[in-house]
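The values are calculated or read from the model by the stated rules, or taken from the named source; none is laboratory data. Keep in mind that this is a model prediction, so the values were computed, not measured. Quick reminder, even Gly has a Cβ in these numbers, built from the backbone with ideal geometry, and neighbours come from all protein chains shown. Protein only, heavy atoms only, side chains kept; ligands, DNA and RNA dropped before computing areas. Shrake-Rupley method; radii C 1.70, N 1.55, O 1.52, S 1.80 Å.
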Amino acid sequence: MANALFDSYRSQCLTADVDLDDSIVLVCVDHADDTPNVASDDFLDDIAGAARVATSGAFASKTFTAGVFDAADVTLTSVTGDPFESLVIYNNTPGTEATKDLIAFIDTATGLPTTPNGGDITVQWDNGANRIFKL
Amino acid sequence: MELLAQQQAVRVRHEGTRVLVIKDGRALLDLPWQAALDLSKALHAQGKRAEEIDRAKAIIADQAIITRLGLRFGITSHPLLLREAGKDAAWDSKLRRYIPAAKAMGIASQTIVGAPQLIQYPPVPAAQEGIR
């Protein structure tokens, strides 16, 4: 696959149902347990719990200029567990996993796949024009 | 037949500059010609919308083909019909058989997701954990 927005999120963009001002986080996903599907997965409960290696805190310093979503780089502290092949960005504000919208899938990134060694992992967002993603 | 009889009972005619809609010998509407033209346009528009609902099944089927082929036009703007057509375009077994994924262009997305960089740091030795 390639980096992409989840189809469900693209639909939500047309109905303003997902607010990126909410708490947005990322989760590292182990494809040995579950491979996200951007065409059919829509909420966090579609990603098996066993596949979630580590979850970040809420993105900080978010900007939305000209349809480009950006935020401060994210650091996951003391990451342990299975190797992971992708990152999934989702809205962590809704109360249940069945309502936390999946937003973006990233499997093309320098450093992926990654085998956690117990140390911190920093995700540096693309510093080009697209940043995290561009609508 | 009863419905047809009712429709036949309604007659439209003009008297001078005014347009009359007469039912059973009584004038239902007595309009100036400009209003009559405006009303006819509104009736036409609402009639087409009602026709859209009546033919929903066929419209959804046709729109699903158009959507699956990725053609940049549509035959309806009704949101519910478009939503159903979108589902059929993605999941209908016949469409998937006869317009396989390789030929199904869909409507290309212009969104771009950036490519980040992951930097992994070595674990902090236990002795230093207290001073992190």
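Please work out if A:Phe133 is surrounded by 21 or more Cβ atoms within 10 Å (Cβ to Cβ), free of Cβ contacts under 8 Å to residues at least 60 places away in the same chain and closer than 19 Å to A:Ala4 by Cα. Judged against the criteria, A:Phe133 is not a match.
Within the range B:101-127, residues that are within 26 Å of A:Gln124 (Cα to Cα) have Cβ atoms under 7 Å from residues that are at pLDDT below 75 and open to solvent by 40 Å² or more (accessible area, probe 1.4 Å) in these pairs: B:Val124/B:Arg132, counting only partners at least 6 apart in sequence or on another chain.
Pairs meeting the criteria (first residue in the range B:9-37 and at positive phi, second residue assigned to a strand (DSSP E or B) and not hydroxyl-bearing (Ser, Thr, Tyr), beta carbons under 9 Å, at least 6 apart or on different chains) are B:Asp24/B:Val10.
Would you confirm whether any residue within the range A:35-53 is within 17 Å of B:Gln120 (Cβ to Cβ), open to solvent by less than 60 Å² (accessible area, probe 1.4 Å) and at pLDDT 95 or above? Within the range A:35-53 (the criterion being within 17 Å of B:Gln120 (Cβ to Cβ), open to solvent by less than 60 Å² (accessible area, probe 1.4 Å) and at pLDDT 95 or above), the answer is yes, since at least one residue qualifies.
The set of residues in the range B:58-86 being open to solvent by less than 50 Å² (accessible area, probe 1.4 Å) and under 16 Å from B:Pro100 (Cα atoms) consists of B:Ala64, B:Ile66, B:Thr67, B:Arg68, B:Gly70, B:Gly86. Scanning the range B:113-132 for residues that are open to solvent by 50 Å² or more (accessible area, probe 1.4 Å), at pLDDT below 85 and either outside any helix (DSSP H, G or I) or facing chain A (nearest Cβ under 10 Å) (or both) turns up B:Pro125, B:Glu129, B:Arg132.
From the list A:Ala66, A:Ala71, the one residue that fits, being over 19 Å from A:Thr114 (Cβ atoms), within 14 Å of the chain's Cα centre (by Cα) and not β-branched (Val, Ile, Thr), is A:Ala71. Residue count for the range A:9-31 satisfying the condition of being open to solvent by 30 Å² or more (accessible area, probe 1.4 Å) and either part of a helix (DSSP H, G or I) or within 17 Å of A:Thr108 (Cα to Cα) (or both): 7.
Close contacts from the range A:67-78, counting a first residue that is over 13 Å from B:Gln120 (Cβ atoms) and of a type in the set (Asp, Glu) and a second that is open to solvent by 30 Å² or more (accessible area, probe 1.4 Å) and not in a loop (DSSP other than H, G, I, E, B), with Cβ to Cβ under 8 Å and a gap of 6+ residues or different chains, come to A:Asp70/A:Thr63; A:Asp73/A:Gln124.
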